[in-house]
Amino acid sequence: MENSISKLDRIAQWCMVLLIGLLPIFFIPILWITTVQVKAFLVAVLLIIATVTWAIARFKEGSIRVPNNLILAAGLLMPLVYAISVAISGLSQVSLVGTGVEQDTLAFTCILYAALVLSALIFSGPPAEAPAYAEASAGRSAQAGASRKSITAIRGLFVGGFALIFLEIVHFVFPGLSLGGVLAGQTGNAFGNWNEFAILLGLFVVLGIALRHTEVAQGKWKYLLDAVALISALLLIIANFFDVWTAVGIAGLIALLVQHFASRAQSGDSAPQLGTKRVWITLVIIALFFMLFGALVNNVLSARIRVANIEARPSLQGTIAIGQQALTQPASLFFGVGPNTFSHEWGLYKPTTINQSAYWNTDFTSGVGTIPTSFVTTGIFGIIAWILFAIALVLTVIRALVRYGKGEQGNLYASSFGIASVFLLSFYLLYVPGPALSTLVFLCIGLLVAFSAQAGFTGTHNVILRGNGWKGMASVAGLVFFAVVTVVSSIGISRVLLAEMILNRGVVTYNNTQDIGAATGYISSSLAVYPSNARAHRVGIQLGLAQLQQLIAKADPKDEKARAELQDVLKQTIQHGLDAVAINGTDYQNWLELAGLYQQLAGVKVAGAFENARAAYERARKENPLSPLPLLQLAQLEVIQGNTDVALQDLAAAVQLKPDLAAAYYMASQIYASKKDFKNAIPAATQAAQYGQNDPLGWYNLGAISYAGTDYTTAAAAEERALTLNSQYANAMYILGLSYYELKRPDDSLKVFNALNQLSPGQQVVADILANLNAGKPPLSTTSAGR
């Protein structure tokens, strides 16, 4: 019995060690598997194995050793609040699992809590008998009090960190190395986005210094910790994030003060200690320097390593404003609008000024930070859960630091991970970590709980599973519930992630090969794994439309088999659209995709398609009333139907939402020009060109309409601008040559048409114009005015 329990415990322990060690570096160099997806998948799979083996071992053993720590109790409030919020908001798949990588879902919240609990309970075993060693320069023995499995986990973290930063250095040396898109671009790395990478570097700096005098850094391991900490600090200079340097500086200052009081308590001498204290002082000075002059230093770096990173998200004020407008009902005020639904609330209540920025068409899935986002999605009780969790964490950290400051042996690990945990959790206020970093945060907090129990200042108690009356039954039920929820949540996340990966493969396959059949097969496989994947249905619509175009182009109208195939594809495509809106009717993108499908059918006069398209566009407007896109596409639909006056009204409404929407002015100019209303067409075309200054089509459109409206000066200037942007724009050359002639510049006109003839030889209309010009005749004297 004991042997089987030991084997199960070892499996659980190694799963947690692998999770901690692989999180920084694990990736698969395949284009259709993203780094964030594979890390979330790794978390889910390893937690399933760890949970099952650990739970079985506890059943066989008949008891559970649980640390007496408020963090575990406070952490339980978060999945509980998320569960209530999901139930009240409607049990949507978006709130339950999302796309598998969002942490603001019920499933991932349960996974994070499971990571916290398992790391705390698995690593809180009795301390190992570490060999004593001394540092002559410090005159003090090493801190004991860590179990071998926890030491292995920490070393695994630094091994993974070393592999990560080594790979990043290789990426700087060989920028063309992408490893299946993992290292794409300057900010490409194997952990996550550039901001997350910088936060992880800060963690390695803080932990690497804090653990220099522990069993973790014994022997050659000390060189590894020092190397990872030093290189991480150097990479932080390149990353140049003010908030990370600030957090590192504060963590260093706290550690320095604690180390100062610990030195006094242990030796009675307040003089600075060699080693750690000097390093902390250096770190604080460096952090302060780069807080003040980091941007200046970054500007003088070589262009090869100078990284420009732009990661946009709503401001704190904007996030709070969304919450104030969204949380107006009692249920939403207390339990939020539903986990992982911030993007919908953003569409409903985003500031109108955002439409004047480059992010007017960005659907932000979160607010400024994780905790402020929870205010919107889980309401007051969600914020209370976070506050209580933070308070429990801070109290535990203070207790560890105070005890270590008093010189008590065995608290260096708890103090180190206490500082590291607060360092990581602080970013939840003004940042939204991805699944890998979020998991690492809760694993570190779990290690803090474990080391606090090992140090003996939080205590533990044994929960008896056998006998003990109703208490034993309740304990068994609690263990079973914990295991089932963790496994079900992990399986749910894994299922969604697998479906998303298959879907990505289908998209990549179509982009690379244009093979609709193969891509459609992957879409079907993705939906077989997870039928509630709205994104897969949207991609299915796009592929279906492409397939319909192919069939129409090559099909014989008299071929019954071809007609049947066409009808079958059309039916499947429409069903994809209907399924997408049925899965998530609050996502305006689903309605836009369905409306676009019906719009294509309306263009070929399919009965009822126009009405269905208009209804879908109106529903998209309802779900995202501040976006001009539904109005713009609705105007296109009205033009197809011949309702130009209604289309102009839709375009006017669109520019009220976004006054610089060039596409709306372009379409309006085309409508006015078709009516020969050049008085309105030319100003609309002018605004389209001005708002899209780098778009040669906009300037060509202005030139063509101005020429048709006999404003030859404007026409020539506009086409000159179009050719400046695209020197081989044949249509712009044509209008420019005609405009030059009307402006009494026949020689310039002849030069332009000669250039056009060289660019596109063999065009009869150009040859005729050249003949006319060389004969001293008007260019169109014997040719059609059309092009």
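Using Cα pairs closer than 8 Å and at least 6 residues apart in sequence, work out the relative contact order for region 694-787, in percent. Before the final figure, lay out the partial values.
Values: 120 pairs, mean separation 18.1, N = 94.
This gives 19 percent for region 694-787.
At 7 Å along the Cα-to-beta-carbon direction for both residue 725 and residue 402, put a label point, then send me their distance in nm to one decimal.
6.6 nm
Scale the Cα Rg of region 1-98 by the rule-of-thumb value 2.2 N^0.38 Å and send over the ratio, two decimals.
Dividing the Cα Rg of region 1-98 by 2.2 N^0.38 Å gives 1.37.
Need the full-extension length gain, residue 310 to residue 513, defined as separation in residues times 0.36 nm minus the C-alpha distance. One decimal, nm. List each step's numbers first, then the result.
Numbers: separation 203, 0.36 × 203 = 73.08 nm, distance 3.21 nm.
Full-extension gain reported as 69.9 nm.
Could you state the accessible area per residue of region 294-351 in Å², with a 1.4 Å probe and every protein chain left in place?
On a per-residue basis, 50 Å².
How far is helix 696-708 tilted, in degrees, relative to the longest principal axis of the Cα atoms in the chain, given as a value from 0 to 90 rounded to the nearest 10?
With both axes taken from Cα atoms, the answer is about 20 degrees.
Please give the calculated 222 nm ellipticity per residue for the chain, where each DSSP H segment of at least 4 residues contributes -39500 (n - 2.57) and the sum is spread over every residue; nearest 500 deg cm²/dmol?
-23500 deg cm²/dmol, from helical runs alone.
For residue 277, which lysines qualify as cross-link partners when the Cα separation must be under 22 Å and same-chain residues fewer than eight apart are set aside?
Candidates past the 8-residue exclusion: 220, 222, 406.
Can you list the HN-Hα couplings for region 66-79, worked out from phi with the Karplus curve (6.51, -1.76, 1.60; θ = phi - 60°), rounded to whole Hz and with x for Gly and Pro?
Rounded to whole hertz, the list is 10, x, 7, 9, 5, 4, 5, 6, 5, x, 5, 5, 5, x.
Take the alpha carbon atoms of region 727-765, find their center, do the same for region 309-348, and report the distance between the two centers in whole angstrom.
55 Å
Mind putting together the pair-distance distribution for region 314-460? All Cα pairs, 10 Å bins, whole percent per bin, short to long.
Per 10 Å bin, starting at zero, the Cα-Cα P(r) for region 314-460 comes out as 12, 33, 25, 18, 10, 2 percent.
If one puts a single equal scatterer on every Cα of region 714-787 and applies the Debye formula without solvent, what log₁₀ I(q)/I(0) results at q = 0.22 Å⁻¹?
The computed values of log10 I(q)/I(0) come out as -0.93.
So for the chain: antiparallel DSSP bridges make up what percent, rounded to the nearest 5?
Rounded to the nearest five, the antiparallel share is 90 percent.
Identify all lysines with a Cα-Cα distance to residue 744 below 19 Å; exclude those on the same chain that are fewer than 8 residues away in sequence.
Leaving aside lysines fewer than 8 places away in the same chain, those within reach of residue 744 are 777.
How far is the Cα center of region 185-205 from the Cα center of region 516-594, in Å?
Distance between centres, Cα-based: 39 Å.
Treat the chain as a sphere of radius equal to its Kirkwood radius over Cα pairs and apply Stokes-Einstein at 10 °C in a medium of 1.306 mPa s; give the translational diffusion coefficient in µm²/s, rounded to a whole number.
My calculation gives 52 µm²/s for D.
Of the accessible area of the chain, with the probe set at 1.4 angstrom, what percent is carbon plus sulfur?
Roughly 62 percent, rounded to a whole number.
Would you grab the residues whose amide H sits under 5 Å from the one on residue 460? Only those 5+ places off in sequence or on another chain, please, with H modelled 1.01 Å from N.
68
Run through every distinct alpha carbon pair of region 422-537 and return the Kirkwood hydrodynamic radius in angstroms, one decimal place. Could the numbers behind the result be given before it?
Working: mean 1/r = 0.0538 Å⁻¹.
The Cα-based Kirkwood calculation yields 18.6 Å.
Straight-line reach only, C-alpha to C-alpha below 19 angstrom: list the aspartates and glutamates that residue 554 could link to, leaving out same-chain residues fewer than 8 apart.
Within reach: 515, 565, 568.
Rg(Cα) of region 348-412 divided by 2.2 N^0.38 Å?
Values: Rg = 19.9 Å, N = 65, 2.2 N^0.38 = 10.7 Å.
Taking N as the residue count of region 348-412, the ratio is 1.85.
Between the helical axis of 316-326 and the dominant principal axis of the chain, each derived from Cα atoms, what acute angle in degrees is found, rounded to the nearest 10?
So the inclination is approximately 80 degrees.
Can you pull the semi-axes for region 412-476, root of five times each eigenvalue of the Cα gyration tensor, sorted largest first, whole Å?
31, 17, 8
What number, in nm² with one decimal, is the all-direction average of the projected area of the convex hull of the alpha-carbon atoms of region 196-311? All intermediate terms of the calculation are to be shown ahead of the outcome.
Details: hull surface 32.3 nm².
For region 196-311, the mean projected area of the Cα convex hull comes to 8.1 nm².
Determine how many Å³ per residue the convex hull of the Cα atoms of region 60-107 encloses.
In region 60-107, the Cα convex hull volume per residue is 125 Å³.
Accessible area per residue of region 644-774 at 1.4 Å probe, in Å²?
47 Å²
Compute the long axis of helix 276-299 from its Cα atoms, compare it with the longest principal axis of the Cα atoms of the chain, and write down the angle in degrees, 0 to 90, nearest 10.
The angle comes out at about 10 degrees.
Any chance you could run the full-extension gain for residue 384 through residue 291? It's 0.36 nm times the residue separation minus the Cα-Cα distance, nm to one decimal. Don't jump to the answer; show the numbers that get you there.
Working: separation 93, 0.36 × 93 = 33.48 nm, distance 3.21 nm.
Length gained, residue 384 through residue 291: 30.3 nm.
So what is the accessible area of region 8-110 per residue, in Å², with the probe set to 1.4 Å?
About 36 Å² of surface per residue is accessible.
Which ³J(HN,Hα) values in Hz, rounded to whole numbers, follow from the phi angles of region 380-392 under the Karplus curve 6.51 cos²θ - 1.76 cosθ + 1.60, where θ = phi - 60° and Gly and Pro get x?
4, 5, x, 5, 4, 4, 5, 5, 5, 5, 5, 5, 4
Would you compute the Debye intensity of region 450-495 from its alpha-carbon atoms alone, equal scatterers and no solvent, and pass along log10 I(q)/I(0) at q = 0.15, 0.28 Å⁻¹ to two decimals?
Computed log10 I(q)/I(0) values: -0.62, -0.86.
Using only the alpha-carbon atoms of region 189-251, report the extent along each of the three principal axes, biggest first, to the nearest angstrom.
Taking the Cα atoms of region 189-251, the three principal extents are 33, 27, 16 Å.
Using a basic spin-label model with each label point 7 Å from the Cα along Cα→Cβ, how many nm lie between residue 357 and residue 65?
So the label points at residue 357 and residue 65 sit 5.2 nm apart.
Once you've got the Cα coordinates, tell me which of 7/149; 350/622; 605/675 are over 20 Å apart. If you can, show how the numbers build up before the last one.
Values: 7/149 14 Å; 350/622 14 Å; 605/675 23 Å.
Beyond 20 Å between Cα atoms: 605/675.
Over all Cα pairs of region 523-572, how is the pair count split among 10 Å bins, expressed in % and running from 0 up to the last occupied bin?
Answer for region 523-572: a P(r) of 25, 43, 24, 8 percent.
At 1.4 Å probe size, what's the solvent-accessible area of residue 58? Round to the nearest 10 Å².
Rounded to the nearest 10, that gives 20 Å².
The values are calculated or read from the model by the stated rules, or taken from the named source; none is laboratory data. Everything numeric here is computed off the predicted structure, so don't read it as measured data. Please note: Cβ atoms are built from the backbone with ideal geometry, for glycine as well, and neighbour counts cover all protein chains shown. These area figures cover heavy atoms from the full protein model, side chains too; ligands, DNA and RNA do not enter into them. Shrake-Rupley method; radii C 1.70, N 1.55, O 1.52, S 1.80 Å.
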